[in-house]
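Report on one structure; see the data block that follows.
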Amino acid sequence: MEGRRSYENWLFGVVGLLGLACSSAHWDYEHSLSDPDVHCTSLGTCLSECDAGDKHACGAIGVMYETGEAGETDYRRAAQYYELSCRQGLAQGCAHLGVMHEIGLFFSQDDEAAAELYEQACDAGDVHACANLALKYREGLGVRRDLSHAAFLFRKACEGHHAHSCSKLAFMYLDGSGVDQDRDEVLSLFQAACSEGEDWACEKSARLSAE
């Protein structure tokens, strides 16, 4: 139970949906769905472009319905358009849909379904989804627990400039969880997290460098 609670707290910090967690990190997903590939700025225009086969517009509609920018909050329609964009190959659409399964928004809470969607999105290049999937493998939620694979996924997300994943991987090297303990790698990863804007990681790397 404690693992689930700490996992959810971190998940919300990374990809919390606006209606539930008011997390600024959800903007990461909105941003990737709406800029630079989405040129529609209104629901009507996006609907037309989505009908014409624009997967980015379909994903943007999902965001509009999820956040209420469409004039109302409608999680059913949000899920519908995220699923449509996901089927069309939009990684972020799959990731958004995974989060909805993750926290039970419209769907029943389902770790396995979330993990499958995160994997699909991660394979298609969404680093946030890679980070969430890493957590799944670290905690054994919806997948068989595999610390080595969790470390691999955190590495992939870190290399995609996902600061939280750099610091999470640093702690795995510090503890020897799924990887061999390696002080140099710990320092390097905290420095990477620092360079991506994680201030406390800057302090951590500075202390390690001084030792």
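Quick look at the numbers
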read-out	value
Convex hull volume per residue for the stretch 154-211, taking Cα atoms only, in Å³	61
Using distinct alpha-carbon pairs, which all enter the 1/r mean, Kirkwood radius of the stretch 57-164 in Å	13.7
GluC sites (Glu not before Pro) lying in DSSP loop within the stretch 32-103, provided at most 12 other Cβ fall within 10 Å	E72
Under 5 Å, built H, 5+ apart or other chain: amide partners of A70	Y65
Alpha-carbon centroids, the stretch 173-187 and the stretch 90-162: separation in whole Å	23
³J(HN,Hα) computed for each position of the stretch 142-154 - Karplus, 6.51 cos²θ - 1.76 cosθ + 1.60, integer Hz, glycine/proline x	x, 9, 5, 4, 8, 5, 5, 6, 4, 4, 4, 6, 4
In the stretch 118-211, the chymotrypsin sites (Phe, Trp or Tyr not before Pro) that fall in loop regions by DSSP, at most 16 other Cβ within 10 Å	none
Sparsely packed trypsin sites (Lys or Arg not before Pro) within the stretch 90-155, loop by DSSP, other Cβ within 10 Å at most 14	R144, R145
Proxy reagent accessibility, fewest Cβ within 10 Å first, across T41, T67	T41, T67
Full-extension gain in nm, S209 to D51, via 0.36 nm per residue minus C-alpha separation	51.4 nm
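No lab work stands behind these numbers, since they all come straight from the coordinates. Only a predicted model underlies this, so the values are computations on that prediction, with no experimental measurement involved. Heads up, the Cβs are rebuilt from the backbone with ideal geometry, glycines too, and the neighbour counts pull from every protein chain shown.
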